[in-house]
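Chemist: Just passing along the structure, written as structure tokens.
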Amino acid sequence: MRLKCGRTGRQRKKKKEKVPGSSNVNRSCEDEYIQLRRWLRKRGFGDRRLRPVEFPDTGRGLATTQSLQPGELIISLPEKCLITTDTVLQSYLGKYIRAWSPPVSPLLALCTFLVAERHAGDRSLWKPYLALLPKTYSCPAYWDPEVVTFLPEPAKQKALDQRAEIYDLYVSSAPFFKSLQSLFHENVENILTYDAFWWAWCTVNTRTVYMNHPQRDCFSAEQDVYALAPYLDLLNHSPNVQVEAAFNAKSRCYEIRTKVRCRKHDQVFICYGPHDNQRLLLEYGFVAAGNPHQSVYVTKDIILQFLSCKDQQLKKKWSLLRENGFLENLTFGMDGPSWKLLTAVKLLSLGREEFMSWKKVLLGNVVSKSNEHNGKELVKKICFHMLDETTNKLKEISFLKCKNQMLEDHLALVEALRTEELKILQTSANILQNVNHVGDE
């Protein structure tokens, strides 16, 4: 039921317009947030140190209503507010999950619960929380295939794998879904649709916090580490923030403490982990500008473009790199090519008479001046190739954004990712040029 707009309503409207000293919009007086706070209070959460605010740069988040000192709690959310597999087992789904064989995964249980509760609408005990969940998501698993093609190759492949994973889980779960028919008045196939399941999977993947649960026979062997945390999940990510987050077994609350001082009215951030932008985009649907963990990945296919097919030792070289863990995480960063990438290209640049010294290369030793030179030239060619490719992709993205406004939001995310990678490749190119100039002198 919507609240009437009397004097109180007008006061709320004034409060909503701006947070003191900023252009941020206070959302705490909107009906959906009022209903959520009332619902949370009934479950034991009454803290008022945070309020929902719309920020111009990060969108919806939480701001402090008072200053916080290092070590202070940012938020303490009671277990009764969390959606976990315990929640699912205690619900109407519990007996069906316990009776089903082979056991369902914790992820499948949570996805099924979310779809069923959203279908229940006003009858759902979790409606105030479900009403605030996004209707769609910005992670690549939700994108049009045309947009996915503009991602860097490693991210594109992972996005396609994610999409396939969701589809395979949905198809393989059809018999379990049918077993739930007695819970619904209409055909279960019209409720647990692929689109609904897709939404639920992305909800769990993007919004859960880590909470370890003991292994139970009614679930498969996959780790049970998910917890949906209403209100707490409004906190946005910053790669530079320092917090402690964990479930407190004594207080039976999920707690987050700040390690730094937070000023009154500032947005409060948490850190999802030391993730690069490709992972942030794939898992959470956003890109962090100036991310200190950002890097640009170099694939085997890119390196192969600059190697001679006449090298009879090439196959063995690749084999040695694979066996010694030098084919993963070959990257460029803001400090230039990684040691792993430089080592890999030096091994690939070994001449026939130098090949027996491959162990020295992996240990970081110099084999010869010519090998050092050839390795640097190879990594330089790779860098400039990726720089050109990224520049061209950005031009294509810009053109498509103007041509197809329906794809504009998702294209903007790829553009942001590519732009951050362009900065790294430009910096790496400058470093490699300077290294060559010093060598020439």
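Chemist: If the limit is 21 Å between Cα atoms, which of Lys135/Lys395; Lys381/Lys423; Lys340/Lys393; Lys340/Lys381; Lys95/Lys250 go over it?
Modeler: Long pairs (Cα-Cα over 21 Å): Lys135/Lys395; Lys340/Lys393; Lys95/Lys250.
Chemist: Under a crude label model (7 Å from the Cα following the beta-carbon direction), how far is Val260 from Asp217 in nanometres?
Modeler: Modelled inter-label distance: 5.0 nm.
Chemist: Do you know the Lys pair count in region 255-328 for C-alpha distances under 27 Å, with sequence separation 8 or more or different chains?
Modeler: 4
Chemist: Hey, another quick one. Which of these, Pro274, Pro292, Pro134, has the largest mean-square fluctuation under a Gaussian network model of the chain (Cα springs below 10 Å)?
Modeler: Evaluated over the chain, the most mobile residue of the options is Pro134.
Chemist: For the chain, what is the charge dipole size about the Cα centre, in debye to the nearest 20, if Lys and Arg each add +1 at the Cβ and Asp and Glu each add -1 at the Cβ?
Modeler: I would put it at about 1980 debye.
Chemist: Tell me, what does the Kirkwood hydrodynamic radius of the chain come to in angstroms if you use every pair of distinct C-alpha atoms?
Modeler: 25.1 Å
Chemist: Let me ask another. Sort 46-54, 255-263 by the packing proxy (mean of other Cβ within 10 Å over each peptide's residues), most packed first.
Modeler: Going from most to least packed, we get 46-54, 255-263.
Chemist: When the chain is modelled as a GNM with alpha-carbon springs shorter than 10 Å, which of Val188, Val287, Val209 fluctuates the most?
Modeler: Checking each option, the largest mean-square fluctuation is seen for Val188.
Chemist: Over the alpha carbons of region 279-437, what is the largest minus smallest coordinate on each principal axis, giving the biggest first in Å?
Modeler: Principal-axis extents of the Cα atoms in region 279-437, largest first: 57, 32, 27 Å.
Chemist: Could you derive backbone 3J(HN,Hα) for region 285-297 from the dihedral phi with the Karplus parameters 6.51, -1.76 and 1.60 (θ = phi - 60°), listing whole Hz in sequence and x where the residue is Gly or Pro?
Modeler: x, 8, 10, 9, 5, x, 5, x, 9, 6, 8, 10, 8
Chemist: Roughly to the nearest percent, how much of the accessible area of the chain is carbon and sulfur, given a 1.4 Å probe?
Modeler: Ligands and nucleic acids excluded, carbon and sulfur give 50 percent.
Chemist: Which whole-number percent gives the relative contact order of region 187-240, counting Cα pairs below 8 Å spaced six or more residues apart?
Modeler: For region 187-240, the relative contact order is 30 percent.
Chemist: Between region 344-393 and region 145-201, what is the separation of their alpha carbon centroids in Å?
Modeler: Computed from Cα coordinates, the inter-centre distance equals 43 Å.
Chemist: About its Cα centre, how strong a charge dipole does region 108-257 have in debye, to the nearest 20, once Lys and Arg get +1 and Asp and Glu get -1 at the Cβ?
Modeler: It works out to roughly 480 debye.
Chemist: Moving to a separate point now. Where in the chain are the DSSP H helices whose alpha-carbon span along the long axis reaches 18 Å or more and whose Kyte-Doolittle mean is at least -0.5?
Modeler: Passing helices, by number: 106-120, 194-207, 408-440.
Chemist: Mind checking which of Leu151, Leu183, Leu110 has the largest fluctuation in a GNM of the chain, springs on alpha carbons under 10 Å?
Modeler: Among Leu151, Leu183, Leu110, the largest GNM mean-square fluctuation belongs to Leu183.
Chemist: Work out the charge dipole of the chain with +1 on the Cβ of Lys and Arg and -1 on the Cβ of Asp and Glu about the Cα centre, then indicate which of Leu73, Val243, Trp358 is farthest towards its positive end.
Modeler: Leu73
Chemist: Where does the charge balance sit around Gln66 when Lys and Arg score +1, Asp and Glu -1, over other residues with C-beta under 10 Å from its C-beta?
Modeler: Result for the neighbourhood of Gln66: +3.
Chemist: Hey, what's the chain come to in accessible area per residue, 1.4 Å probe, Å²?
Modeler: Averaged over the residues of the chain, the accessible area is 52 Å².
Chemist: A follow-up question, please. Give the accessible area for Ile75 in Å² (nearest 10); use a 1.4 Å probe, count only protein heavy atoms, and leave out ligands, DNA and RNA.
Modeler: Counting only protein heavy atoms, the figure is 0 Å².
Chemist: Mind checking which of Ile270, Phe332, Gln294 is farthest towards the positive end of region 226-382's charge dipole, using Cβ charges of +1 (Lys, Arg) and -1 (Asp, Glu) about the Cα centre?
Modeler: Comparing the listed Cα positions along the dipole, Phe332 ranks first.
Chemist: Grab the beta carbon distance between Val366 and Ser182, set R0 = 51 Å, and tell me the FRET efficiency rounded to 0.05.
Modeler: In this case the efficiency is close to 0.10.
The values are calculated or read from the model by the stated rules, or taken from the named source; none is laboratory data. From a predicted model like this one, the values you see are computed outputs, not experimental measurements. Don't worry about glycine lacking a Cβ; one is built from the backbone with ideal geometry, like all the others, and counts go over all protein chains shown. Keep in mind that these areas ignore ligands, DNA and RNA; they rest on the heavy atoms of the full protein, side chains included. Shrake-Rupley method; radii C 1.70, N 1.55, O 1.52, S 1.80 Å.
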